[in-house]
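Contents: one structure, followed by commentary.
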Amino acid sequence: MSAPQQPSYGQPGFNAPVQGKSRVTVGLLNLFLGGVGAGDFYLGHTQMGIYKIIALVVSYGLMVVGGLAESVVIGLLGYVLLVAYSFFVFACMIMSFMGKWIYAADSKGVPTV
């Protein structure tokens, strides 16, 4: 007669697969806070998140400087950078729902679900 097994109470076993972070959460973070790289910080891609913050600050800064200096070229450059950045963030949002590109896994290589 063998000893009774203790119940696991819903805890994963020793070699259980690791559950990844949610793609839906990443998509929603990118939808509402994509300009500041919230989805990237959630997945641990801090370098990409910092790049997004820098791009946002630079493009807004160029728009403000162009408005203060009444320079159409600088203001237009800031506006074009902001529009291009918005398309980039929108693409990141779409790809996070599809599970492709950098959102297929988090920074530790665990696939997103």
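FYI, it's all coordinate maths here, none of it is from the lab. Owing to the predicted nature of the structure, the values given are computational and were not obtained by experimental measurement.
Step through the residues of the stretch 71-87 one at a time and calculate ³J(HN,Hα) from phi using the Karplus curve (6.51 cos²θ - 1.76 cosθ + 1.60, θ = phi - 60°), rounding each to whole Hz and writing x for Gly and Pro.
9, 5, 5, 5, x, 5, 4, x, 5, 5, 4, 5, 5, 4, 5, 5, 5
Given H placed 1.01 Å from N in the peptide plane, which residues other than close sequence neighbours of residue 105 have an amide H under 5 Å from its amide H?
Result for residue 105 returns 112.
Would you give the gap between the C-alpha center of the stretch 76-91 and the C-alpha center of the stretch 35-60, rounded to a whole Å?
Rounded to whole Å, the Cα centres lie 14 Å apart.
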